[in-house]
Structures are given as C-alpha cells and as structure tokens.
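The structure under discussion appears below in the form of structure tokens.
Each reported figure results from applying straightforward, stated rules to the coordinates on display, with no laboratory input. Being a predicted model, the structure only gives us computed values, none of them experimental. When we count neighbours, we look across all protein chains shown, and the Cβ atoms used for this are built from the backbone with ideal geometry, even at glycine.
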Amino acid sequence: MNYCHEDFWNALDELVNTSEIVIDRPKGSAHPRFPDFIYRVDYGYLKNTASMDGAGIDVWVGSGDKKIDAIMCIVDLMKRDSEIKILIGCTEKEKMEVYKTHNETQYMKGILIRR
C-alpha cells in the first residue's frame, strides 16, 4: 500500500484555506465551564465544518505564519470521544503549550503529530 502523508496535509490545507477561522477563546481567556482553565494559545474552530462532537473543527492559532504546523489527536475519557485539533502558525513554545493542555489531566490525553 502506498502511503502519502502529503495528501493528508494538503487536504487539511484546503479545508483551512476555504474556511473562516473563528477564535472564540482568545489567549488569556477562561474556559466557559471551567473558569480555572486559562487558554494559553488562541483557540477556536473552522466555521461551517463538523467534528466528532458536532461542533466545528477545533483549531489552535499561534503567533507565527498562518500555516498548518501539526495536529493534536485527542482522546477525552469524560466525553468518551476522540477528535483532531489543527495547529496553525504555532511556534515550538506554543506547540508545547497545546500539548500540555491536552495532557494535564487523567481524563484527556493527546499526541502531537508534526507536519
């Protein structure tokens, strides 16, 4: 079988480039249900898309060039679901903040897959 990872990244590029990015949780803001949780990187979604939870595909948007850097593959034991989150323009420090965010509790675990 021929595996072409570039096709995957190109498909993500097309999805992001043809979608509006909505930042509904800016860096420094608190989570709406968990006020002790502060977003360390801008967080939002791609408008008019759908993820496993029925909402838009989640994105972390960093301070670098607005290109897709990586994805986080997440397993959430509380919601009993999994999904991917797209990292756009994240510096190495921001990637590590996103990684830590998805691995801080026993209920959520994630892996970072770099482009």
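Relative to the longest principal axis of the Cα atoms of the chain, helix 92-101 runs at roughly 60 degrees. Using 0.36 nm per residue and subtracting the Cα-Cα separation, the extra length available between HIS5 and ALA55 on full extension is 15.4 nm.
Let me see the pair-distance distribution of the chain: every alpha carbon pair, 10 Å bin width, integer percents in order. Final binned percentages: 14, 46, 34, 5, 1. Compared with the alpha-carbon gap, the fully stretched path from CYS73 to ARG114 is longer by 13.7 nm at 0.36 nm per residue. Between THR105 and ILE23, the modelled labels are 2.5 nm apart [label points 7 Å from Cα along Cα→Cβ]. Charge dipole of the chain (Cα centre as origin; +1 on each Lys and Arg Cβ, -1 on each Asp and Glu Cβ, all else neutral): 320 debye, rounded to the nearest 20. Listed by chain and number, the aspartates and glutamates whose C-alpha is less than 12 Å from the C-alpha of LYS66, apart from same-chain residues fewer than 8 away, are ASP13. Among the trypsin sites (Lys or Arg not before Pro) in region 1-60, those located in a DSSP loop and surrounded by at most 10 other Cβ atoms within 10 Å of their own Cβ are ARG33.
Once the gyration tensor of the Cα atoms in region 1-56 is diagonalised, the equivalent ellipsoid follows with semi-axes of 29, 13, 12 Å, ordered largest first.
Counting residues in region 48-115 as N, plug N into 2.2 N^0.38 Å and put the Cα Rg over that result. Its radius of gyration relative to the 2.2 N^0.38 Å reference: 1.08. Listed by chain and number, the aspartates and glutamates placed with their C-alpha closer than 20 angstrom to that of LYS27 are ASP36, ASP42, ASP58, ASP65, ASP69, GLU92, GLU94, GLU97, GLU104; residues fewer than eight positions away on the same chain are left out.
Helix 5-17 and the long axis of the chain differ in direction by around 60°, with both axes built from C-alpha atoms. Qualifying GluC sites (Glu not before Pro) in region 7-115, where qualification requires a DSSP coil assignment and no more than 15 other C-beta atoms within 10 Å, comprise GLU20, GLU104.
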